[in-house]
Amino acid sequence: MNDSARRSQILTAARAQGLLHEEHSPLVAFLDWERVQLNVEHLLGAFPRDIPVLHAFAVKANPLVPVLARLGELGMGAEVASDGELSAALAAGITPDKLVFDSPAKSWGELRRALGLGAALNVDNFQELARVRALLADAGSDSEIGIRLNPQVGAGSIAAMSTASAHSKFGVPLRDPGMREQLIEAYLASPWLRRAHTHVGSQGCPLELIAEGVNELVRFADEVNARAGHAQIRTLDIGGGLPVDFATDNPLSAFDDYVAALEEGAPRLFSGDYEIVTEFGRSILAKHGFIATYVEYTKQVGGRRVAITHAGAQVATRTVFMPDAWPLRVEGFDSAGGSKPTAITEVQDVAGPCCFAGDLVARGRELPLLEPGDLVALLDTGAYYASNPFHYNSLPVPPVYGIENAGTAPEFTEIRGAVRHELQVVR
């Protein structure tokens with residue numbers, strides 16, 4: 001069964017069970033657990049078995065507690081960037097020894113909570129380091145602590161997703177005048193700094209650029225350890241950032257290519273001198289989710305057909321506002337969930353419900369002729385499309401269902417119910 005037929009089977013079963021309904025539930029998201037498990041197993045197998053590696057899922061990519069719990073069962077930890085994400089990970093059963101706290105704006109309260117739990121902490125800047133030092137003097141902690149370095153190796157094709165450019169807001173800039181020596185001195189003055197972190201970027205960053213940034217991290221750790229006269233830095237957090245293939249149905253992310261690039265560009269990483277932490281997010285889940293919506297109306301505008309659906313900026317925020325950087329594949333199905341005939345196609349726009357003209361999830365796309373009552377699927381939306389809701393027009397946030405046995409007899413479990421924005425009356 002090809003993936004399109006797999007999606008058709010899911011839609012047919014969801015309609016039959018009333019989960020997808022043109023009046024009561026015209027917009028629904030799905031996550032295929034079988035494919036998620038295959039991808040996580042692929043990740044675990046791609047890294048050397050003889051080196052300790054913690055794969056901490058980037059919670060920002062999908063903060064839903066049942067998702068985090070399932071990933072925890074598969075052997076992953078969690079990388080969190082706020083008190084809310086930390087709470088979600090703990091609620092999912094992720095233990096503090098598998099938590100990593102990252103954020104460029106940690107409050108006193110967030111730092112105190114993370115240190116109190118014993119979660120690993122990546123310090124973003126010298127002012128934050130001073131706060132951590134004060135908190136440790138007051139109460140101590142079992143947390144593994146390091147500093148985030150910006151290796152300043154450059155940006156990828158999507159500037160907003162690149163975090164190792166010359167002017168990135170993240171981390172301490174390693175190549176700014178005097179910064180490398182200041183960082184080394186900070187480590188030597190604080191023996192409890194036993195790890196170091198970098199993250200080059202995500203979608204749009206080539207593997208060679210990521211490897212270059214990781215190599216700078218290893219070189220820095222080697223220098224600190226040489227100056228200290230012992231292995232002070234023992235763990236390297238190399239971030240995530242593996243670009244996702246948004247063009248095909250291949251369910252496995254290129255983790256083996258990622259590891260090969262690191263072996264080529266940062267070979268000391270796998271020497272056995274360092275434990276490793278990763279922070280993959282999008283590449284874990286993106287390919288294994290899709291959003292389904294009904295076509296409400298169609299019209300001809302300026303010689304082009306437009307299909308009006310319930311999926312727009314409120315669920316596909318990045319796609320709508322940055323369509324060139326974040327295009328989505330779109331697939332059409334008939335009202336029963338069956339595949340649309342491909343013999344009759346037309347260039348069409350697929351629009352959402354938000355009240356602004358740019359609310360389009362696909363522009364000028366050659367698609368089977370869409371009619372009112374048909375179903376449209378937005379593919380590869382397992383990551384970020386559940387964590388970036390846009391509340392314009394107070395549209396409901398759609399339910400999300402996990403799927404077991406998707407290729408045979410789909411079974412659905414609610415991950416998140418629909419969230420409706422009720423009118424708040426101030427008295």
- Task: Please return the longest stretch of the chain lacking exposed loop sites, where chymotrypsin sites (Phe, Trp or Tyr not before Pro) count only if DSSP places them in a loop and at most 16 other Cβ atoms lie within 10 Å.
- Result: 1-191
- Task: Could I get the Rg over Rh figure for the stretch 272-427? Both from C-alpha atoms, Rh via Kirkwood, rounded to two places.
- Result: 1.03
- Find, to one decimal place in angstroms, the Kirkwood hydrodynamic radius of the stretch 196-251, where the mean of 1/r is taken over every pair of different Cα atoms and then inverted. 12.8 Å
- Hey, what number do you get for the chain at 222 nm if only DSSP H runs of n ≥ 4 count, each worth -39500 (n - 2.57), divided across all residues, to the nearest 500? -9000 deg cm²/dmol
- Consider just the alpha-carbon atoms of the stretch 1-138 and return their Rg together with their Dmax, both in angstrom. 19.4, 61
- Note on the structure: Quotient of Cα radius of gyration and Kirkwood radius for the stretch 225-356, i.e. Rg/Rh, equals 1.18
- Message: Suppose every Lys and Arg Cβ carries +1 and every Asp and Glu Cβ carries -1, with no other charges. What dipole size does the chain come out with about its Cα centre, to the nearest 20 debye?
- Response: 840 debye
- Task: Sort largest first and round to whole Å: the equivalent ellipsoid semi-axes of the stretch 1-79, each the square root of five times a Cα gyration tensor eigenvalue.
- Result: 32, 16, 8
- Task: Could you tell me the accessible area of HIS197 in Å² (1.4 Å probe, neighbours in place), rounded to the nearest ten?
- Result: 0 Å²
- Which GluC sites (Glu not before Pro) from the stretch 325-427 combine a DSSP loop assignment with at most 15 other Cβ atoms within 10 Å? GLU422
- Item | Longest to shortest principal axis, alpha-carbon extents of the stretch 66-110, angstrom | 32, 14, 14
- Any idea what angle helix 33-46 forms with the longest principal axis of the chain, computed on alpha-carbon atoms, 0 to 90 degrees, nearest 10? 30 degrees
- Place +1 on the Cβ of every Lys and Arg and -1 on the Cβ of every Asp and Glu in the chain, take the dipole about the Cα centre, and give the residue among PRO389, ALA228, LEU43 whose Cα lies farthest towards its positive end. PRO389
- Tilt of helix 255-265 relative to the longest C-alpha principal axis of the chain, in degrees (0 to 90, nearest 10)? 30 degrees
- So who's got an amide H within less than 5 Å of the one on ARG305, skipping anything under 5 residues away but keeping other chains? H placed 1.01 Å off N, in plane. ASP349
- Query: Which residue, chosen from VAL419, SER271, THR319, occupies the Cα position most advanced towards the positive end of the dipole of the chain, where the dipole is computed from +1 (Lys, Arg) and -1 (Asp, Glu) charges on Cβ about the Cα centre?
  - Reply: VAL419
- Using Cα pairs closer than 8 Å and at least 6 residues apart in sequence, work out the relative contact order for the chain, in percent. 19 percent
- Message: For the stretch 332-371, I need the span (max minus min coordinate) of the C-alpha atoms along each principal axis, in Å, sorted largest to smallest.
- Response: 32, 21, 12
- Scan around SER335 for amide H atoms under 5 Å from its own, H built in the peptide plane at 1.01 Å from N, and keep only partners 5 or more places away or cross-chain. LEU375
- Item | Computed label-point distance, nm, for sites SER339 and GLU366 using a 7 Å Cα→Cβ extension | 1.7 nm
- Message: Taking the 0 to 90 degree range and rounding to the nearest ten, how far is the long axis of helix 179-189 tilted relative to the main principal axis of the chain, both from C-alpha atoms?
- Response: 60 degrees
- Whose amide H sits under 5 Å from the amide H of ASN62, counting only residues 5 or more places off or on another chain, with H placed in the peptide plane? TYR384
- Message: Is there a quick way to get the dipole size of the stretch 33-98? I mean about its Cα centre, with the Cβ of Lys and Arg at +1 and of Asp and Glu at -1; what is the value in debye to the nearest 20?
- Response: 120 debye
- Message: Taking a ≥ b ≥ c as the square roots of the Cα gyration tensor eigenvalues, with a/c under 1.5 meaning rounded and otherwise prolate when a/b beats b/c, else oblate, which class fits the stretch 100-147?
- Response: rounded
- Size of charge dipole - the stretch 315-369 - debye, nearest 20, with Cβ of Lys, Arg +1 and Asp, Glu -1, no other charges: 120 debye
- Item | Estimated distance in nm for a label pair at GLN127 and GLU275, the labels positioned 7 Å out from Cα along Cα-to-Cβ | 3.2 nm
- Note on the structure: Labelled set (1) 1.33; (2) 0.95; (3) 1.01; Rg/Rh (Cα atoms, Kirkwood Rh) computed from this model equals the value at (3)
- Message: How much length would be gained if the chain were fully extended between VAL306 and VAL53, taking 0.36 nm per residue of separation minus their Cα-Cα distance, in nm to one decimal?
- Response: 86.2 nm
- Restricted to the chain, the DSSP antiparallel beta bridge percent, nearest 5, is 50 percent
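The values are calculated or read from the model by the stated rules, or taken from the named source; none is laboratory data. Computed from a predicted structure; not experimentally measured. FYI the Cβ positions are ideal-geometry reconstructions off the backbone, even for glycines, and counts take in every protein chain you see. All accessible areas refer to the heavy atoms of the entire protein, side chains included, with ligands and DNA or RNA removed. Shrake-Rupley method; radii C 1.70, N 1.55, O 1.52, S 1.80 Å.
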